[in-house]
Amino acid sequence: MEETSRALAGYHDSRLTHDPKRDIVWAALWRYYFRHHIGPRDTVLDLGCGHGEFINNVVAGRRIALDMWPDFPRNIARGVETIVAPVTGVSLLEDGAIDFAFASNLFEHVTQSDFAAVLATLRAKLSPRCSINLLQPNYRYCASEYFDDYTHVSIYTNRSLCDLLAANGFRIENCVPRFLPLTIKSRMPVQPWLIRLYLASPFKPLGKQMLITAIR
């Protein structure tokens, strides 16, 4: 366990350091996209929340953040419940509690069998109206950069991810193959108005991350 904690600390100190630009991105994504899909009384679960930029911006009746990085709770806003556990820790949640489940750049870091196990456990935790929303690198568009992150172990395209979800009992409600650029680590400016225009545009230059929404 101590070795895992050191490895996670090293990853968050090198590859996934805190970047103020990421806060700007997620505040804009909440304002221009996700708030239209989450109700004020919903219970929202952020799997593999990292520094917490998504869940910290969410306005909902109940917010839950889960990550196995021991230091993540210090980055989480007041009022957000925190669970320090691997992604399989969803088993700790109450059945039928979650109205909106979200994971950003998570399941490329786990094996396909672990992903399927999480989906099986998660199904019982979802309310009847819940959706699962996955933001992931789309290998179809970022193959040359995919393994720049040394912790990537699984490969998904928009088609393979949709097929995996369907094979595990979920129905695809929406699939956006090019939802966002792959990274904020570029010279491109990060401004809320630019993010708003990007989300609204039918053309997605540098769009290398997909967004998949599925329901039970």
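The values are calculated or read from the model by the stated rules, or taken from the named source; none is laboratory data. Computed from a predicted structure; not experimentally measured. Don't worry about glycine lacking a Cβ; one is built from the backbone with ideal geometry, like all the others, and counts go over all protein chains shown.
Identify all residues within the range 51-76 that are of a type outside the set (Phe, Trp, Tyr) and in contact with a Leu (Cβ under 6 Å, 6 or more places away or on another chain); write none if there are none. If you could, list the steps in order and put the result at the bottom.
Applying the first criterion (of a type outside the set (Phe, Trp, Tyr)) to the range 51-76 yields 51-53, 55-68, 70-71, 73-76.
Hits for the range 51-76 are Ile64, Leu66.
Quick check on this structure: which one of Ile132, Ile64 is among the β-branched types (Val, Ile, Thr) and either under 15 Å from Phe34 (Cβ atoms) or surrounded by fewer than 19 Cβ atoms within 10 Å (Cβ to Cβ) (or both)?
Of the residues listed, the single one that is among the β-branched types (Val, Ile, Thr) and either under 15 Å from Phe34 (Cβ atoms) or surrounded by fewer than 19 Cβ atoms within 10 Å (Cβ to Cβ) (or both) is Ile132.
If I filter the range 168-189 for residues that are out of contact with any Gly (no Cβ under 7 Å at 6 or more places or on another chain), assigned to a helix (DSSP H, G or I) and touching a residue at least 40 places away in the same chain (Cβ under 8 Å), do I get at least one hit?
For the range 168-189, residues out of contact with any Gly (no Cβ under 7 Å at 6 or more places or on another chain), assigned to a helix (DSSP H, G or I) and touching a residue at least 40 places away in the same chain (Cβ under 8 Å): absent.
I'd like the full set of residues that are at positive phi and surrounded by fewer than 13 Cβ atoms within 10 Å (Cβ to Cβ), limited to the range 79-100.
Of everything in the range 79-100, just one residue is at positive phi and surrounded by fewer than 13 Cβ atoms within 10 Å (Cβ to Cβ), namely Gly79.
Output the residues belonging to the range 149-176 that are at pLDDT below 95, of a type in the set (Ser, Thr, Tyr) and surrounded by 15 or more Cβ atoms within 10 Å (Cβ to Cβ).
none
Would you mention how many residues in the range 190-216 are over 17 Å from Phe34 (Cα atoms), in contact with a Cys (Cβ under 8 Å, 6 or more places away or on another chain) and assigned to a strand (DSSP E or B)? Don't jump to the end; show me each part of the working.
Looking only at the range 190-216, we keep the residues that are over 17 Å from Phe34 (Cα atoms), and these are 190-191, 202-208, 216.
Next, from what is left, pick out any that are in contact with a Cys (Cβ under 8 Å, 6 or more places away or on another chain): 208, 216.
Remaining after also requiring assigned to a strand (DSSP E or B): 208.
Residues in the range 190-216 being over 17 Å from Phe34 (Cα atoms), in contact with a Cys (Cβ under 8 Å, 6 or more places away or on another chain) and assigned to a strand (DSSP E or B): 1 in total.
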